[in-house]
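Note sheet for the following structure.
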């Protein structure tokens with residue numbers, strides 16, 4: 001019981017004090033849960049982060065669920081997930097009561113005209129950073145370009161594009177790259 | 001369909017197909033919440049991103065709460081946030097319980113290998129659409145050069161320059177770009193620009 005409360009409180013703090021989402025949370029979670037509380041060790045933690053990133057869903061929620069489960073089973077995952085969600089929920093629920101009126105103020109709308117430019121730069125920068133984790137080769141470039149043009153100029157459902165990417169990845173990696181490596185091996 | 005159920009289902013789909021971090025939601029939100037259901041406008045969407053960036057907590061939860069609150073108050077926010085976090089919660093529980101070596105599975109690895117370039121391209125496409133909307137005040141299907149907002153273009157260039165030149169943090173960039181907006185749209189018109 002005590003551990004559940006402690007876990008909830010820890011994740012509540014993490015949810016209330018991290019700006020910038022899942023990746024920004026990783027170091028804070030590590031400081032609290034690995035370094036301070038010793039609930040799990042560094043290697044276990046890194047494994048969980050790797051799996052959370054390789055799994056569909058919101059990374060912050062993935063890691064909270066995973067860490068919570070490993071520390072205190074199902075109830076651990078539930079309190080950790082609720083803990084990380086509740087601060088955001090409350091803050092935004094309060095802000096959204098005022099935001100329409102706030103955005104309607106003339107000078108605030110001027111400021112937001114500028115902020116939109118800043119946000120475009122931030123998202124663009126996130127794309128550049130993500131691109132570093134994608135290997136540059138013909139397969140990725142063709143897939144990326146095709147997805148960019150289809151998503152920009154047609155109404156195609158982006159979910160289909162993601163699924164097609166997954167299928168092509170499996171075909172490419174398992175049936176073509178491996179088969180090629182095998183024939184190369186036989187030649188030698 | 002009932003609005004709460006719609007919010008829940010749409011956000012469940014968004015949560016399920018968010019692969020590789022919060023920004024991967026942007027193309028999904030743009031497609032469903034802005035273009036298909038018209039629950040929010042493109043400008044509101046960017047404003048929400050700005051507020052989500054400047055408030056604590058996961059980006060996904062912040063934007064889901066916003067959209068839910070706007071459409072149906074607290075129940076709407078609960079439906080949207082619930083839908084958004086449930087796929088993560090269920091999938092991770094299954095993995096933690098029964099599939100510890102999920103990330104090492106060759107099909108999972110190969111599938112992700114193919115999904116990552118798509119996800120990056122989709123976010124790039126989403127930000128390109130936001131840029132067109134912001135600067136050309138139009139969408140990509142009827143692109144004209146008649147009503148270019150030169151101030152918005154200028155704000156984008158200056159923001160990018162400052163961000164990359166001085167390597168400032170995102171919140172500082174938002175504050176600086178707000179100042180830029182005040183000068184370009186509020187103060188300059190007083191002098192006839």
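A short reminder: the numbers here are calculations on the coordinates, not readings from a lab. As the structure is a computational prediction, the values presented were derived from the model and not from experiment. When we count neighbours, we look across all protein chains shown, and the Cβ atoms used for this are built from the backbone with ideal geometry, even at glycine.
Calculate the mean, over all residues of peptide B:95-107, of how many other protein chain Cβ atoms lie within 10 angstrom of the residue's Cβ.
4
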Here the whole-number average of other chain Cβ atoms within 10 Å per Cβ of A:67-77 is 2
P(r) over all Cα-Cα pairs of the protein assembly as shown, 10 Å bins from 0 to the longest distance, whole percent per bin, short to long, reads 5, 22, 31, 25, 12, 4, 1, 0
Here the equivalent ellipsoid of segment B:3-143, derived from its Cα gyration tensor, has semi-axes (largest first, whole Å) of 27, 21, 12
Rounded to whole angstrom, the alpha-carbon centroid of segment B:70-106 lies from that of segment A:34-105 at a distance of 11 Å
Inter-chain shielding metric for A:168-179, i.e. average beta-carbon neighbours from other chains within 10 angstrom, reads 4
Note to self: C-alpha centroids of segment B:166-193 and segment A:116-140 sit apart, in Å, by 24 Å
Proxy exposure order for A:14, B:148 (fewest C-beta within 10 Å first) is B:148, A:14
To the nearest 10 degrees, the tilt of helix B:170-181 (Cα long axis) against the first principal axis of the alpha carbons of chain B is 30 degrees
Calculated from DSSP helices alone, with each H run of at least 4 adding -39500 (n - 2.57) and the total divided by the residues of chain A, [θ]222 nm to the nearest 500 comes to -26500 deg cm²/dmol
Quick note on B:193, B:59, ordering by fewest other C-beta atoms within 10 Å, gives B:193, B:59
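How large is the helix-only mean residue ellipticity at 222 nm for chain B, computed as the sum of -39500 (n - 2.57) over DSSP H runs with n ≥ 4, divided by its residue count, in deg cm²/dmol to the nearest 500?
Theoretical 222 nm ellipticity from helices: -23000 deg cm²/dmol.
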Exposure proxy check on A:154, A:81: fewest-to-most Cβ neighbours within 10 Å is A:154, A:81
Of B:117-125, A:120-128, ordering from highest average Cβ density within 10 Å down gives B:117-125, A:120-128
Relative to chain B, whose Cα atoms define the longest principal axis, helix B:106-135 and its Cα axis are tilted in degrees, nearest 10, by 20 degrees
So the angle from the long Cα axis of helix B:59-98 to the longest Cα principal axis of chain B, reported in degrees to the nearest 10, equals 40 degrees
By the mean-Cβ-within-10 Å protection proxy, highest first, B:157-167, A:54-64, B:177-187 rank as A:54-64, B:177-187, B:157-167
